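Just below is one structure, and these are the notes that go with it.
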Amino acid sequence: MIFDIFSFQIKIKTNTQTKFETKMKKSIFLVMMLLLSTFSVAQNKIFPFKINKVVLDNGLTVLSVPFDSPGIIAYYTVVRAGSRNEVEPGKSGFAHFFEHMMFRGTEKYPEQVYNDILKRLGADSNAFTTADWTAYHIVASSDALETIIDIESDRFMNLKYTEEQFKTEAGAILGEYNKSASSPFLALYEKLQDLAFTTHTYKHTTIGFLKDILDMPNQYDYSLKFFDRYYRPENCAIVVVGDFDQNKLIQLVKKYYGNWKRGNYKPEIPVEPPQTEEKVGHIPWKGKTLPYLAIGYHIPEFSTKNVERAAFDLIVELLFSKTAPLYQKLVIEKQWVDFINGDAPDRRDPFLFIIMARIKNESLIDSVKNEIFNAIEELKTKPVSKKRLDEVKSYLKYSFAMSLDNPNSVAYTVGHYFQLTGDPESVNELYALYDKITPQDIMKTAQKYLTPQNRTIVTLTEEKK
Amino acid sequence: MRAKKLITLMILFSAFSIAQNSEIRIKELYSPNYPIITFRVMIETGSINDPKGKEGLNALTILMLAQGGTKELTYKEVQEKLYPWAARINYQFDKEVSVIIGEVHRDHIEKFYKIFSDLILNPRFDEGDFKRNKDLLLNYIKATIRTGNDEELGKQALVSFIYEGHPYQSPEFGTVQGLNNITLEDVKEFYKRYFTQGNIVFGIAGGYPKSLIQRIKKDFSKLPPGKPEQVELPEPKRINGLEFLLIEKETRSTAISFGFPIPINRSHKDFYALMIANSYFGEHRTFNGILMQKIRGQRGLNYGDYSYIEHFVQDGGSTFPVPNIPRRHQYFSVWIRPVENKNRHFVLRQAIRELEILVKNGLSKEDFESTREFLLNYSKLWVQTLNRRLGYMMDSDWYGIEYFIDKIQKELPKLTVEDVNNAIKKYLNFENIKIVAVTKDANSYMQDLVSNKPSPISYVSPVSQSILDEDKIIQEYKLNAKLENFRIVPVDEIFEK
């Protein structure tokens, strides 16, 4: 077995699938033998592959990366909409729900036909929704490229589902909520975000508030509106990575996506005002549990220019990597927690630096909290050594480089940075910015953001009977 | 053409050798330009080797190596060395084998190998690490799965339930009492007994320096020679009718798993026929399966419904099976993801009825062909990285078969729909099944099941008449649930001993 203590993921995967008449060539076997001869960590650009970018007349961006995976391609459709776009009250969870509806077919390729096509291709196909973006992804034989472009363009342009299908799918969403609901992590994220945000849509998690999920069957009309607003070429990108012919790709994309009509909707995402005092919440958990602690500090949005934001990616490591003094103290020496981590997710709008810990005993909650706060104080008052900072930078680079070992992860990376900034090359700017960060930058950033009035604390313990 | 291009572009070398003067087996997958190097050290020891009363000893031993220190370096120092390279050391432990996995960029291969091999050859066995690792396993049982993951709890409980009285009964992560009984001395003894040259396969993949192979042979020949005797596996106990284990827990939905042992694994030719039947019935995390289409697709009763013909663990965020969990004995299972409590009776009826239909009617020629085509293509995607391919190669050796992915390509085209339908009849059944449900008010679930009272469901929107007609049959479907075949266990007692 493999341990996955952090079993609740913010990214929500939909189970969807599968397609068709072309057969994968035998050479697909050899796909694992990637020839990453350009793959070197000591180069100027952290992303070692060339990204081709073509923008069609209707605004659709096509990003492609030749990658040595003989016979295989990864095909992503990136939509720059996620739970962040759920601006109307009562509509939380809708971006994710909509992702499910995208598998319900069109007139040309009804649901079952779409599934049969994918099944025959033996493709690995799925989708996920996050706070900022939604992605539909397929890994399949290179020979299937035209088939994939055909069926994918068709559903993005001509999606059609009945109210009955819509209501049935709402049941699957509730099922997805239920499968996560036994995990304290879902409850912790729900409470932390709900408390930390007053105005911005990051107030809710991607799966949405339970009350809104229960009301989903009644929101058929809104679903049509959502599609009309966001599933438009200027808000999307196609990402293709692997073994393909660039000219043929562009020709096919123009042929199949060329008639997709541009939209004009501009979402107004409410701006979160600065937090002025510490917020505290508690979750009484029914049934036995170890206590959990979650702490969130407001931080700036993703940026390749803002040193303070980039500094948080290093602060996460300085505080919570396995070599961090705080981690060593709490996990290895005192053994007060069996799990602790920090995370500063890349977000389009200002989100949170989140700390999560599972504590071995309720009586230790305050001690753990104090150790975390002490480590943060130290970060504010004592410059971190250059050696340590260099180790963190090295870790970030090697970790990134090692993740790019298959077409799917390369396509994910390109999609991720595209949705954040509109330009996937921003990944290179980000790592170049890391290089410039000094111990003083870390100190100043910690002093500015890691303050009591800027934080929210949530605890979860067994309900007292 | 493409194959030719490949040959000219790369020299890929795969070899299996037994070193001279050393019994250590080395599995190589050499790809000179591949910058990430993977080690997979497989020890042919698992929870079946745990002594009675010390369940979890194998798991804890593996943790003491993979998450411990070396004679030279403390765990903290190991972490400090690995960190700037972003090198990873992972581990898996299962019923019959365990694996310690290392991954590093080739820039740091020499230094990394020294630490990695020292962790296995010269482990520190530190008291503090022992306490921490034991807590990790105990908390996995007490907090992670009992509290936070009803589905995993149900699946793990099903395996123990299916294999009662069999060496597979004890969970691979141990039991609370078993773990509490283990001392550091036990770990040292276990290590001495099972970490022998004949019991280990060292897998290596990527663009490693060839000289490393000699070094591995030399270093690992320091382990004691020989191979411990393999634990004999008796036939699993026969299941009589429907046998239920209901786990009582305060939860908002019901997670259901059911299954029974099957006498074949990858080394048997019928496995490949059954693979097609299973994919048609419930391919993992796809919409292909009948179960998925009918329970989720048509009725929206939950998030997913799948079936398996061997123990299955998903590899991270992918949908593919993790390598290196081979087992001599396998089981068929169905995983029903959490359903609303009010629908728990209906869904169990529906799933078992679908199994009955499968057993009685088999696949049509058309379904057989489309499913076979799917598997022929899909299985090639299981090995997209060298790391995964190496794992599959090692498993194939373990089963004594040619490379599994190649074998699928050879076996499936030979099959006919009759072969598949005969295999279904021979190995699957719908009457003798063990069923686990994690649920609230288990007693009332039991009463409902025993009474066989109708269990109608309602929809928020009109559904087609054909579905409503089928629902009428499902809601009356008789399950042979007898009161004496139920056990209701509070969640706190699961995996206690």
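The values are calculated or read from the model by the stated rules, or taken from the named source; none is laboratory data. These numbers were taken from a predicted model, which means no experiment stands behind them. Note that we place each Cβ from the backbone using ideal geometry, even for glycine, and neighbour counts take in every protein chain shown.
Going through B:L415, B:L479 one at a time, which residue ends up being in the same structural domain as B:N324 (by TED's automatic domain parsing), in contact with a Lys or Arg (Cβ under 8 Å, 6 or more places away or on another chain) and either over 25 Å from B:P321 (Cβ atoms) or acidic (D, E) (or both)?
From the options B:L415, B:L479, the qualifying one is B:L479.
Would you check which residues across segment B:110-124 are aliphatic (A, V, I, L, M) and surrounded by 22 or more Cβ atoms within 10 Å (Cβ to Cβ) and list them?
Correct list: B:L119, B:I120.
Going by the structure shown, is B:A15 more than 9 Å from chain A (Cβ to nearest Cβ) and either surrounded by fewer than 19 Cβ atoms within 10 Å (Cβ to Cβ) or at pLDDT below 95 (or both)?
When the stated conditions are applied, B:A15 passes them.
Any idea how many residues of segment B:401-444 are within 26 Å of B:I239 (Cα to Cα) and part of a loop (DSSP other than H, G, I, E, B)?
So the answer is 7.
For segment A:364-384: of the residues being closer than 17 Å to A:Y327 by Cβ and not hydrophobic (A, V, I, L, M, F, W, C), which is surrounded by the fewest Cβ atoms within 10 Å (Cβ to Cβ)?
A:N370
Is it the case, given these coordinates, that B:Y30 is closer than 21 Å to A:S403 by Cβ, surrounded by fewer than 22 Cβ atoms within 10 Å (Cβ to Cβ) and in the same structural domain as B:N133 (by TED's automatic domain parsing)?
The answer is no for B:Y30.
Could you please find all residues in segment A:226-250 being within 30 Å of A:G90 (Cα to Cα) and either assigned by TED's automatic domain parsing to the domain that holds A:A411 or among the small types (G, A, S) (or both)?
A:A237
Which ones in segment A:330-363 are surrounded by fewer than 18 Cβ atoms within 10 Å (Cβ to Cβ), out of contact with any Gly (no Cβ under 9 Å at 6 or more places or on another chain) and part of a helix (DSSP H, G or I)?
A:E362, A:S363
Return yes or no: is B:I433 in contact with a Leu (Cβ under 8 Å, 6 or more places away or on another chain), away from chain A (no Cβ under 14 Å) and closer than 30 Å to B:A481 by Cβ?
Against the criterion (in contact with a Leu (Cβ under 8 Å, 6 or more places away or on another chain), away from chain A (no Cβ under 14 Å) and closer than 30 Å to B:A481 by Cβ), B:I433 qualifies.
Among residues belonging to segment B:375-388 that are closer than 21 Å to B:K27 by Cα and in contact with a Lys or Arg (Cβ under 8 Å, 6 or more places away or on another chain), point out the one that is nearest to the other protein chains (Cβ to nearest Cβ).
Of everything passing the filter in segment B:375-388, B:V383 is nearest to the other protein chains (Cβ to nearest Cβ).
Just wondering, is there one or more residues in segment B:361-374 that are in contact with a Gly (Cβ under 9 Å, 6 or more places away or on another chain) and at the interface with chain A (Cβ under 8 Å from one of its Cβ atoms)?
Yes, the conditions are met somewhere in segment B:361-374.
Do we have any residue at all in segment A:326-342 that's more than 30 Å from A:E234 (Cβ to Cβ) and more than 14 Å from chain B (Cβ to nearest Cβ)?
Checked against the condition, which is being more than 30 Å from A:E234 (Cβ to Cβ) and more than 14 Å from chain B (Cβ to nearest Cβ), segment A:326-342 yields at least one hit.
Suppose the filter is in contact with a helix residue (DSSP H, G or I) (Cβ under 7 Å, 6 or more places away or on another chain) and modelled with pLDDT of 95 or more; does A:K279 pass it?
In short, yes.
One line per residue, one yes/no per condition, for (1) buried (at least 19 other Cβ atoms within 10 Å of the Cβ); (2) at pLDDT below 95; (3) in contact with a strand residue (DSSP E or B) (Cβ under 6 Å, 6 or more places away or on another chain); (4) under 29 Å from B:V359 (Cα atoms):
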{"position": "B:R388", "(1), (2), (3), (4)": "yes, yes, no, no"}
{"position": "B:D395", "(1), (2), (3), (4)": "yes, no, no, no"}
{"position": "B:Y403", "(1), (2), (3), (4)": "no, no, no, no"}
{"position": "B:I408", "(1), (2), (3), (4)": "yes, no, no, yes"}
{"position": "B:T416", "(1), (2), (3), (4)": "no, no, no, yes"}
{"position": "B:N421", "(1), (2), (3), (4)": "yes, no, no, yes"}
{"position": "B:K425", "(1), (2), (3), (4)": "no, no, no, yes"}
{"position": "B:N429", "(1), (2), (3), (4)": "no, no, no, yes"}
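Criterion first (modelled with pLDDT of 95 or more, over 30 Å from A:T206 (Cα atoms) and crowded, with 20+ Cβ neighbours inside 10 Å) does A:L389 satisfy it?
Yes.
Inside segment A:174-277, counting only helices (runs of 4 or more DSSP H) that do not spill past its ends, which hold 1 or more residues that are polar (S, T, N, Q) and free of Cβ contacts under 8 Å to residues at least 60 places away in the same chain?
A:246-257
Residue by residue through segment B:31-46, note down the ones that are in contact with a strand residue (DSSP E or B) (Cβ under 7 Å, 6 or more places away or on another chain) and at pLDDT 95 or above.
B:I37, B:T38, B:F39, B:R40, B:V41, B:M42, B:I43, B:T45, B:G46, listed by residue number.
Does any residue in segment A:390-406 that is more than 8 Å from chain B (Cβ to nearest Cβ) come within less than 7 Å, Cβ to Cβ, of a residue that is polar (S, T, N, Q) six or more places away or on a different chain, and which pairs are these?
As it stands, the answer is A:S403/A:S409; A:L404/A:T413, since those pairs meet every condition given.
Restrict the check to segment B:403-423 and report whether at least one residue is farther than 25 Å from B:S279 by Cβ and within 14 Å of chain A (Cβ to nearest Cβ).
Within segment B:403-423 (the criterion being farther than 25 Å from B:S279 by Cβ and within 14 Å of chain A (Cβ to nearest Cβ)), the answer is no, since none of the residues qualifies.
Could you pull out every one of the helices (runs of 4 or more DSSP H) wholly within segment B:140-215 that has 1 or more residues that are surrounded by fewer than 19 Cβ atoms within 10 Å (Cβ to Cβ) and away from chain A (no Cβ under 14 Å)?
Once the helices (runs of 4 or more DSSP H) in segment B:140-215 are filtered for at least 1 residues that are surrounded by fewer than 19 Cβ atoms within 10 Å (Cβ to Cβ) and away from chain A (no Cβ under 14 Å), what remains is B:176-181, B:184-194.
For segment A:93-144, which residues satisfy the criterion of being within 13 Å of A:Y161 (Cα to Cα), surrounded by fewer than 24 Cβ atoms within 10 Å (Cβ to Cβ) and at the interface with chain B (Cβ under 9 Å from one of its Cβ atoms)?
Listed by number, the residues that qualify are A:E111, A:Q112.
Within segment B:66-83, is there a residue that is touching a strand residue (DSSP E or B) at 6+ places or on another chain (Cβ under 8 Å), of a type outside the set (G, A, S) and more than 11 Å from every other protein chain (Cβ to nearest Cβ)?
Yes: segment B:66-83 contains one or more residues that are touching a strand residue (DSSP E or B) at 6+ places or on another chain (Cβ under 8 Å), of a type outside the set (G, A, S) and more than 11 Å from every other protein chain (Cβ to nearest Cβ).
Restricting to segment B:216-233, name every residue that is in a helix (DSSP H, G or I) and either out of contact with any Ser or Thr (no Cβ under 9 Å at 6 or more places or on another chain) or not hydrophobic (A, V, I, L, M, F, W, C) (or both).
Residues satisfying the conditions are B:K217, B:K218, B:D219.
Kindly indicate whether any position in segment B:328-349 is within 11 Å of another protein chain (Cβ to nearest Cβ), outside any helix (DSSP H, G or I) and of a type in the set (D, E, K, R).
Yes, some residue in segment B:328-349 is within 11 Å of another protein chain (Cβ to nearest Cβ), outside any helix (DSSP H, G or I) and of a type in the set (D, E, K, R).
Condition check ((1) in contact (Cβ under 8 Å) with a residue 40 or more places away in the chain; (2) among the hydrophobic types (A, V, I, L, M, F, W, C); (3) surrounded by 21 or more Cβ atoms within 10 Å (Cβ to Cβ); (4) touching a Leu at 6+ places or on another chain (Cβ under 9 Å)) across all residues:
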site	(1), (2), (3), (4)
B:R88	no, no, no, yes
B:F93	yes, yes, yes, yes
B:V99	yes, yes, yes, no
B:V104	yes, yes, yes, yes
B:D126	yes, no, no, yes
B:D129	yes, no, yes, yes
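Starting from segment A:122-148, take each residue that is more than 22 Å from A:T206 (Cβ to Cβ) and list its partners that are of a type in the set (K, R) and modelled with pLDDT of 95 or more, counting only C-beta distances under 8 angstrom and pairs at least six apart or across chains.
These pairs meet every condition: A:L145/A:K248.
Is segment A:242-260 home to any residue that is over 30 Å from A:F47 (Cα atoms) and under 25 Å from the mean Cα position of the chain (by Cα)?
The answer is no; no qualifying residue exists.
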